[in-house]
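Only one structure is covered here, and it is reproduced in the block below.
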Amino acid sequence: MVLENLRCDIIEFDVLYKENENQEAWKQALGLYRGPLLMEDSYEWTEVLEAYYDFRYLELLDKLATYYENKGLKKAAEDILEYLRE
C-alpha cells in the first residue's frame, strides 16, 4: 500500500499553522479550513477538536490582520477584520 500521496487537511493545517512569520503559509492554512469536522454529522468526540481548530483559524486571521496593519496595508487588514465581524 502506498501512502505517500495521501493528504490530510488537518495535518497540513497544523504544519502551516506552525510556520512563524510566514504569511503565505498562514494564508494556505486559512484556505484549508472549511468549518466543523465532519460537517454533516455532529459527534461529541469532535467537539474538542472543533474548538481547537476554530480557535487556531481565528488566531491566524488575527495574526494576518496584524501583519497587514504593521505593513501599512490597511485595506487588507480591514477586510479580515470585517470578515471576523460577520
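The values are calculated or read from the model by the stated rules, or taken from the named source; none is laboratory data. Just so we're clear, the structure is a prediction, and the values are computed from it rather than from any experiment. Because the Cβ atoms are built from the backbone with ideal geometry, glycine has one as well, and the counts that use them run over all protein chains shown. For accessibility, only protein heavy atoms count, side chains too; no ligands or nucleic acids. Shrake-Rupley method; radii C 1.70, N 1.55, O 1.52, S 1.80 Å.
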#### Entry: Computed accessible area, Tyr83, all protein chains, 1.4 angstrom probe, square angstrom
120 Å²
### Query
Which of Ile10, Asn22, Leu58 sits closest to the plus end of the dipole of the chain, meaning its Cα is farthest towards the positive end, when Lys and Arg get +1 and Asp and Glu get -1 on the C-beta?
Asn22
### Task
Rank these by accessible area, largest first, 1.4 Å probe: Leu73, Leu64, Leu6.
Leu6, Leu73, Leu64
### Message
With θ taken as phi - 60° and the coefficients 6.51, -1.76 and 1.60, list the Karplus ³J(HN,Hα) couplings across the stretch 48-64 in order, rounded to whole Hz; mark glycine and proline as x.
### Response
5, 5, 4, 4, 4, 6, 4, 5, 4, 4, 5, 5, 5, 4, 5, 4, 5
#### Entry: Folded to 0 to 90 degrees: helix 23-32 orientation relative to the chain principal axis, Cα
40 degrees
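To the nearest 0.05, what FRET efficiency results for Leu3 and Asp62 with a Förster distance of 30 Å applied to their C-beta separation?
E(calc), rounded to 0.05, equals 0.30.
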